[in-house]
Amino acid sequence: MQIIQSVQNRIYEIRGERVMLDRDLAILYEIETKRLTEAVKRNTKRFPEDFMFQLTKEEFESMRFQIKASNNDQDSLRSQFATSNRGGVRYMPYVFTEQGVAMLSGILNSDKAIEMNIAIMRAFVEIRKIAFRQTDLKEQLQEIKQRLGEHDTQLNSIYDAMENLLDEKAAQRKWNDRARIGFNK
């Protein structure tokens with residue numbers, strides 16, 4: 001369960017897709033990022049654009065801010081992104097969608113890779129369940145708001161009717177309490 005939680009913390013949303021960084025996958029598979037990238041490049045036919053893509057500079061900067069906000073630990077951030085001697089990034093990282101991670105299991109054939117792939121698939125499933133629950137809750141909240149709106153109109157009409165009754169009672173009282181003129185019985 002702790003592994004799944006660790007994997008979930010490494011899943012980001014980019015271009016509307018839930019993805020994992022090549023560096024995170026390499027850490028989980030206990031291999032170098034360079035070796036992971038080499039294996040992927042040897043099997044490019046297995047990784048179409050919807051399975052794997054390279055980040056743009058803007059996406060990379062956005063990702064760095066996301067990680068910085070979530071980690072608050074500069075050392076882990078520094079080790080997360082390989083930098084050159086000039087202080088820049090050597091290359092923009094690759095990211096893998098759920099299908100891309102599943103395809104990695106076909107090209108990485110170690111026991112650790114298989115074990116981590118199972119954990120990663122479970123993490124993606126858990127995230128999907130959470131997202132489904134959130135959309136279900138949103139629908140329920142919408143329904144409650146709609147009902148409350150209907151109740152508000154009904155309550156407003158009840159309040160209006162009560163005010164009219166009170167106004168009629170007050171007018172009746174004024175009529176009954178008026179000074180009478182004419183013959184007394």
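Going by what's in this entry, would Leu55 be described as at pLDDT 75 or above, surrounded by 12 or more Cβ atoms within 10 Å (Cβ to Cβ) and in contact with a Pro (Cβ under 7 Å, 6 or more places away or on another chain)? Judged against the criteria, Leu55 is a match.
Taking region 111-125 on its own, how many of its residues are more than 18 Å from Gln5 (Cβ to Cβ) and open to solvent by less than 50 Å² (accessible area, probe 1.4 Å)?
Of all residues in region 111-125, those more than 18 Å from Gln5 (Cβ to Cβ) come to 111-114.
Imposing the further condition that a residue be open to solvent by less than 50 Å² (accessible area, probe 1.4 Å) reduces the set to 113.
Of the residues in region 111-125, 1 are more than 18 Å from Gln5 (Cβ to Cβ) and open to solvent by less than 50 Å² (accessible area, probe 1.4 Å).
Between Ile27, Ile3, which is closer than 17 Å to Ser105 by Cβ, surrounded by 14 or more Cβ atoms within 10 Å (Cβ to Cβ) and over 22 Å from the mean Cα position of the chain (by Cα)? Lay out the reasoning, then the answer.
Details: Ile3 fails: over 22 Å from the mean Cα position of the chain (by Cα).
Ile27 is the lone residue from the list that is closer than 17 Å to Ser105 by Cβ, surrounded by 14 or more Cβ atoms within 10 Å (Cβ to Cβ) and over 22 Å from the mean Cα position of the chain (by Cα).
The values are calculated or read from the model by the stated rules, or taken from the named source; none is laboratory data. Given the structure is predicted, the values throughout are model-derived calculations rather than measurements. Don't worry about glycine lacking a Cβ; one is built from the backbone with ideal geometry, like all the others, and counts go over all protein chains shown. Surface areas here come from the heavy atoms of the whole protein model, side chains and all, with no ligands, DNA or RNA. Shrake-Rupley method; radii C 1.70, N 1.55, O 1.52, S 1.80 Å.
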